[in-house]
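See below for the structure under consideration.
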Amino acid sequence: MIQRLFHTLSDIYGEQHWWPCKSGSRWEIVAGAILVQNTAWSNVERALANLETAGLMSPEGILAAPDDELRELIRPAGFFRQKCAYLKAVAEFFIAHEAEYLASDDVPVLRRRLLAVRGVGRETADDILLYVFKKPVFIIDACTRRAAERHLHLDGRLPYEELQRIFTDALPPDAELYGEYHALILALCKDSCRKAGCGEVCGKIGYPS
DNA sequence: CTCCAGGAGTGTA
DNA sequence: TACACTCATGGA
């Protein structure tokens, strides 16, 4: 079921080539992962563009910027007071451990340590492990839970790691595959399937009409 | 106008 | 463990 859904989505939406930011630098992905928390990506793009224009698209730049200035730059992404503090905490961690995270493959340990950083919860930690450091970690977000419920007949309210294990048990540990799958699920999420009058897409997937 | 988007932290029972 | 609450902007 899980593999079939992937191939169906892949046929419909094609290659997604994520993470969607312009430079694709590791830090830009980290910053995006923090800024996108409970926020539309269109708002994150403005904040990232502001950081770029201000010359602060680096962990060192984030740490050097006064809170007042940083908050103004990221304001479009919402929750700017929290996210200002989160970005600084993650910047410090990133500077200290980037090389180590590139070298190590001990995913459970890397994940635990990321979760100890202020502002990094399960989903953000997995965003970073997968898209920044290319570790085979499957991301569970609100869209994944909805897709799991509607198209895989799973309980979307299952605990994070439990739902995650269901996906990883059904798939080979391939970071490329996990990244595509997550991107495809978000493509599905933005599509019409969660609205009334679901069209051709839902028919192919088997969404009950 | 209301609703909500690729969450996380804190407090309560 | 399981909820309720807070944080904030911009688009539909």
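Quick note: the coordinates plus some simple rules give every number you see, no bench work behind them. Computed from a predicted structure; not experimentally measured. Cβ coordinates were reconstructed from backbone atoms using ideal geometry, including for glycine residues, and neighbour counts include every protein chain displayed.
How many of the residues making up the stretch A:151-163 are assigned to a helix (DSSP H, G or I), more than 20 Å from residue A:16 (Cβ to Cβ) and touching a helix residue (DSSP H, G or I) at 6+ places or on another chain (Cβ under 9 Å)? Quick ask: steps written out before the conclusion?
Quick first cut of the stretch A:151-163, residues assigned to a helix (DSSP H, G or I) only: A:151-152, A:160-163.
Retained after the next criterion (residues that are more than 20 Å from residue A:16 (Cβ to Cβ)): A:160-163.
Now drop any that are not touching a helix residue (DSSP H, G or I) at 6+ places or on another chain (Cβ under 9 Å), which leaves A:160-161, A:163.
So the answer is 3.
Among the residues of the stretch A:48-63, is there at least one that is surrounded by 15 or more Cβ atoms within 10 Å (Cβ to Cβ) and closer than 19 Å to residue A:122 by Cβ?
The answer is no, given that none of the residues of the stretch A:48-63 is surrounded by 15 or more Cβ atoms within 10 Å (Cβ to Cβ) and closer than 19 Å to residue A:122 by Cβ.
Taking residue A:66 as meeting all but one of (1) out of contact with any Lys or Arg (no Cβ under 8 Å at 6 or more places or on another chain); (2) surrounded by 17 or more Cβ atoms within 10 Å (Cβ to Cβ), write down the number of the exception.
(2)
Working only within the stretch A:22-47, note down all residues that are more than 13 Å from DNA strand C (Cβ to nearest atom) and either buried (at least 17 other Cβ atoms within 10 Å of the Cβ) or part of a helix (DSSP H, G or I) (or both). Talk me through it step by step, then tell me what you get.
Step one: of the stretch A:22-47, the residues more than 13 Å from DNA strand C (Cβ to nearest atom) are A:22-33.
Selection gives A:26, A:27, A:28, A:29, A:30, A:31, A:32, A:33.
I want to confirm something. Restricting to the stretch A:48-85 and keeping residues that are near DNA strand C (Cβ under 9 Å from one of its atoms) and charged (D, E, K, R), which single residue is nearest to the chain's Cα centre (by Cα)?
Checking each candidate, the answer is A:83.
Would you be able to tell me the number of residues in the stretch A:116-142 that are assigned to a helix (DSSP H, G or I), surrounded by fewer than 18 Cβ atoms within 10 Å (Cβ to Cβ) and of a type in the set (A, V, I, L, M, F, W, C)?
Looking only at that region, the number is 1.
Going by the structure shown, is residue A:70 more than 21 Å from residue A:115 (Cα to Cα) and in a helix (DSSP H, G or I)? Don't jump to the end; show me each part of the working.
Values: more than 21 Å from residue A:115 (Cα to Cα): yes; in a helix (DSSP H, G or I): yes.
In short, yes.
Give the stretch A:71-98 a look and list any residue that's farther than 20 Å from residue A:128 by Cβ and either among the aromatic types (Phe, Trp, Tyr) or surrounded by 22 or more Cβ atoms within 10 Å (Cβ to Cβ) (or both), or say none.
A:73, A:80
Can you tell me how many residues within the stretch A:38-62 are small (Gly, Ala, Ser) and either touching a Gly at 6+ places or on another chain (Cβ under 8 Å) or away from DNA strand B (no atom under 16 Å from the Cβ) (or both)?
Within the stretch A:38-62, the subset small (Gly, Ala, Ser) is A:40, A:42, A:47, A:49, A:54-55, A:58, A:61.
Subset that is either touching a Gly at 6+ places or on another chain (Cβ under 8 Å) or away from DNA strand B (no atom under 16 Å from the Cβ) (or both): A:54-55, A:58, A:61.
Residues flagged as small (Gly, Ala, Ser) and either touching a Gly at 6+ places or on another chain (Cβ under 8 Å) or away from DNA strand B (no atom under 16 Å from the Cβ) (or both) within the stretch A:38-62 amount to 4.
With the structure loaded, tell me whether residue A:18 is among the aromatic types (Phe, Trp, Tyr) and out of contact with any Leu (no Cβ under 9 Å at 6 or more places or on another chain) or whether it fails that test.
On the way: among the aromatic types (Phe, Trp, Tyr): yes; out of contact with any Leu (no Cβ under 9 Å at 6 or more places or on another chain): no.
Spelling it out, it is not the case that residue A:18 is among the aromatic types (Phe, Trp, Tyr) and out of contact with any Leu (no Cβ under 9 Å at 6 or more places or on another chain).
Which one of these does residue A:88 not meet: (1) within 15 Å of the chain's Cα centre (by Cα); (2) part of a helix (DSSP H, G or I); (3) of a type in the set (D, E, K, R)?
The failed condition is (1).
Please specify each residue of the stretch A:92-107 satisfying the condition of being assigned to a helix (DSSP H, G or I), farther than 25 Å from residue A:184 by Cα and not charged (D, E, K, R). Before the answer, list the steps.
We begin by selecting, within the stretch A:92-107, every residue assigned to a helix (DSSP H, G or I); these are A:92-103, A:107.
From the residues that got through so far, the ones that are farther than 25 Å from residue A:184 by Cα too are A:92-103.
Answer for the stretch A:92-107, where residues must be assigned to a helix (DSSP H, G or I), farther than 25 Å from residue A:184 by Cα and not charged (D, E, K, R): A:93, A:94, A:95, A:96, A:97, A:99, A:101, A:102, A:103.
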